[in-house]
Amino acid sequence: MRWKDTIVQLFTRPSRKTLILYYHRVVPTVENDPLLLKVSCETFKQQLALLKDNYAVISLENLLDQMKI
């Protein structure tokens, strides 16, 4: 799937230490989305599982706390 390749590319760039993902809309079904701003609930779950299994996923609050050190 295309989004899996994109995630791997984003997280394997040597210059990236932290990457913040932002989702515009998570919806039950993706219909009529010419700007490609929506992701289905099922795809979202799959993406989160892939991230959790392969990367250190932390909250924004946790990241900000770590940056204060």
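The values are calculated or read from the model by the stated rules, or taken from the named source; none is laboratory data. None of these values were measured; they are calculated from a predicted model. Backbone-built Cβ (ideal geometry, glycine too); neighbour counts: all protein chains shown.
General remarks:
- Remark: pairs (first residue in the range 43-69, touching a residue at least 24 places away in the same chain (Cβ under 8 Å) and surrounded by 10 or more Cβ atoms within 10 Å (Cβ to Cβ); second residue assigned to a helix (DSSP H, G or I) and among the aromatic types (Phe, Trp, Tyr); Cβ separation under 8 Å; 6+ apart in sequence or on different chains) = 43/3; 47/3; 54/11; 55/11.
- Hits in the range 26-36 (condition: surrounded by 11 or more Cβ atoms within 10 Å (Cβ to Cβ) and either in contact with a Lys or Arg (Cβ under 7 Å, 6 or more places away or on another chain) or modelled with pLDDT under 90 (or both)): 27, 30, 33
- Subset of the range 21-59 [part of a loop (DSSP other than H, G, I, E, B), charged (D, E, K, R) and within 17 Å of residue 2 (Cβ to Cβ)]: 33
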